[in-house]
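Before any comments, here is the structure.
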Protein chains: 2
Amino acid sequence: MISPQPYYAVIFISTQSENTIGYSEMATQMEHLAQQQAGYLGMDHARSAIGITISYWKTEADILNWKNNLEHLKAQHLGKKTWYNSYSIRICKVEREYHFKRHED
Amino acid sequence: MISPQPYYAVIFISTQSENTIGYSEMATQMEHLAQQQAGYLGMDHARSAIGITISYWKTEADILNWKNNLEHLKAQHLGKKTWYNSYSIRICKVEREYHFKRHED
């Protein structure tokens, strides 16, 4: 995902509770829903001891719209009630980016 | 890690090559070295299909100093030569943050 800077990133860092029933289905569903939103640019995700999901957006208004999406609000509620022990959300302006890709010999 | 906003985040996203000999020792060493640098605020890391490491810094100058640290330059060189198939680096200004922590019942 390469986009003209500046654009915006939402860094979501979480630790899961012991109850993760329904979590991965919801995560997949939310990823698909995010992709349909205005201003969506992409997403990166990894999970080991903690989970990190970064979504990228054209503008801050796009982030606010996604935050207030009704289906997403339900997912957020379930996340706080059930799936997460803790999370942090950081709203960031992406000012510069660099990319490296190994050349095939 | 909670810090007065704005501060800065470096989002490092990578895919590894098949040769990861020496990688995890170097990653540990670089984490310790980063902690000793001026302006260092914290780090988050997860790896599954991709690796995501986010380091947090007080100022952009702190990021530049860390980028140009001699030991770190050696690690960057080895990373490009050996350990990574690809990576992306994004320099971001953290504008807002929210935290959730489950209350123990």
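The values are calculated or read from the model by the stated rules, or taken from the named source; none is laboratory data. Predicted model only: the values in this text are computed from it and were never measured. Backbone-built Cβ (ideal geometry, glycine too); neighbour counts: all protein chains shown. All accessible areas refer to the heavy atoms of the entire protein, side chains included, with ligands and DNA or RNA removed. Shrake-Rupley method; radii C 1.70, N 1.55, O 1.52, S 1.80 Å.
Observations
- Checked against the criteria, residue B:55 counts as open to solvent by less than 50 Å² (accessible area, probe 1.4 Å) and either of a type in the set (S, T, N, Q) or closer than 24 Å to residue A:63 by Cα (or both).
- Segments classed as helices (runs of 4 or more DSSP H), wholly inside the stretch B:8-105, with at least 3 members that are within 11 Å of another protein chain (Cβ to nearest Cβ): B:60-67
- Meets criteria (of a type outside the set (A, V, I, L, M, F, W, C) and buried (at least 17 other Cβ atoms within 10 Å of the Cβ)) for residue A:90: yes
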